[in-house]
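Written out below as structure tokens is the structure these notes cover.
What follows is calculated from the coordinates using simple rules that are stated; it is not laboratory data. Keep in mind that this is a model prediction, so the values were computed, not measured. Here the Cβ is made from the backbone with ideal geometry for all residues, glycine too, and neighbour counts use every protein chain on show.
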Amino acid sequence: MTIDLQSGTRPTGVDAAVDAARRVIDALVRSGDMTDADMAGITDRLHAVADDLESSAPPLDDRLVNMWRGDGMTRHDPVTGPENPIAPPVEYTAVDSHTIEAVTTLGLPYQGPPSCVHGGVSALILDHTLGVANGWAGVSGVTAELTIRYHELTPLFEPLTITARQVSVDGRKIRTTGEIKANGETCVSAEGLFIAKHPPRPR
């Protein structure tokens, strides 16, 4: 039986606005052949939105503190963060006490080779997923080593299954593995060494 790690509620507030921003990012990537004249009005409207947001945003130092408040779950990271427009976002479920899994589909903003996911994006997703698996297993830390193996090209526009499992804990050393699969085939695999320590959070 799997256990949802995400709330599953419909986005509101900043989460809903970030969802809209993801649509804008995706549409912009797909609009590269539009003429300068076509883009002029769109550019002005996007700048107007940015001006409104910047005028009401808190000072950066305050935001850096507020980002770390609450239950300890990060809402701003670039993989799962509902407040981050570059996050897909990936949503995990628990498979067992040491393993998590997610299914996601990536679009053009994440492209590297033609119609395939950028290798750096795959590494980012796996690094984060291994870290989340550590937190789920109860002992987490910071990445010390990450070994990535690319087996096959990872396709865009197709469901990808992402898994990670905490394998062992030896003192402060945590070892975790994970992979990204498409159509049942492993595209990318990862082995991580984590150290059980955490930087201080801003106050």
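Of Phe194, Phe157, how do they rank once you tally other Cβ atoms within 10 Å and put the fewest first?
Phe157, Phe194
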| query | Just going by the charge dipole of the chain, with Lys and Arg at +1 and Asp and Glu at -1 on Cβ, which of Pro109, Gly178, Tyr150 is farthest out on the positive end? | reply | Gly178
| message | Placing unit charges on C-beta atoms (Lys and Arg positive, Asp and Glu negative, everything else neutral), compute the dipole magnitude of the chain about its Cα centre in debye, rounded to 20. | response | 760
| query | Sorted by average packing, counted as other Cβ atoms within 10 angstrom per residue and highest first, what order do 47-56, 80-89 take? | reply | 80-89, 47-56
| said: Compute the helix-to-body angle for 13-29: its Cα long axis versus the longest principal axis of the chain, expressed 0 to 90° and rounded to tens. | reply: 70
| field | Hull volume in cubic angstrom per residue (convex hull over the Cα atoms of the chain) | value | 142
| query | Which value in deg cm²/dmol, rounded to the nearest 500, describes the helix-derived mean residue ellipticity at 222 nm for the chain, given -39,500 (n - 2.57) per DSSP H run of n ≥ 4 and division by the residue count? | reply | -10500 deg cm²/dmol
| said: Full-extension gain between Ile195 and Met34, please, as 0.36 nm times their residue separation minus the C-alpha to C-alpha distance. | reply: 53.2 nm
| said: Just want the answer: with Cβ charges of +1 for Lys and Arg and -1 for Asp and Glu, which residue in Val18, Ser56, Trp68 is farthest toward the dipole's positive end in region 17-82? | reply: Trp68
| message | Can you give the local net charge around Ala196? Use residues other than it whose beta-carbon is closer than 13 angstrom to its beta-carbon, Lys and Arg +1, Asp and Glu -1. | response | +3
